[in-house]
Amino acid sequence: MKPAAPLRNAGRLFRLLLLTLFLPLPCSASGPLLVYDPSLSKDELPLWLAYLGGRTVYREKHKLPSPPSGEIIPTFGEEVSARGVAATFYSVMKLPRDPYWDDVMKVEKAGFLKQYVWIYLYRPSWPSAERPRDLEAFRKWSAANLRNHRPQTRGKLMVDKR
């Protein structure tokens, strides 16, 4: 039996509500611009908006400075937090399976999210003091559990000061 139309729409409304909770700042004129890959499908878009919203919230919470213009390069903590936010969003939403986020969920459940971010998404601007422990354990785990994995980042934050 098919659910009534209002129940089907309730899921969409719930997703919109979650997105607005994740994205309080970009809606203001002073917040960063959220730039996402225009080829994202309608099922992928909410996940990457959750990621960008997670970055935005982290930056605000930690009062991180932004460059005068251009791309805002994520800090290590920001990247870990944003991937965690998006992975949590993915785990609770009833979206079609996504191989990338399935892998990130496996990583998070194994307790290796920091190691994953450091190995797969490393930025030269990240201080070596933030390098997580157990990188070798993660490398062994990932060899068995992340075969053919390709890291993705399908959005960025920008400052556009004209």
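A compact table of results
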item	result
Residue count, segment 62-86 (criterion: within 13 Å of Gly31 (Cα to Cα) and free of Cβ contacts under 8 Å to residues at least 24 places away in the same chain)	3
Residue, nearest to Ala129 (Cα to Cα), within segment 61-108, restricted to residues that are among the charged types (D, E, K, R) and touching a Gly at 6+ places or on another chain (Cβ under 9 Å)	Glu78
Odd one out for Ser91 among (1) at pLDDT 95 or above; (2) part of a helix (DSSP H, G or I)	(1)
Some residue of segment 117-133 being over 21 Å from Asp43 (Cβ atoms), acidic (Asp, Glu) and more than 16 Å from the chain's Cα centre (by Cα)	yes
Qualifying residues in segment 69-85 (those that are part of a loop (DSSP other than H, G, I, E, B) and touching a Lys or Arg at 6+ places or on another chain (Cβ under 8 Å)) - the one surrounded by the most Cβ atoms within 10 Å (Cβ to Cβ)	Pro74
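The values are calculated or read from the model by the stated rules, or taken from the named source; none is laboratory data. It should be emphasised that the depicted structure is a prediction, and the values quoted were computed from it without experimental measurement. Here the Cβ is made from the backbone with ideal geometry for all residues, glycine too, and neighbour counts use every protein chain on show.
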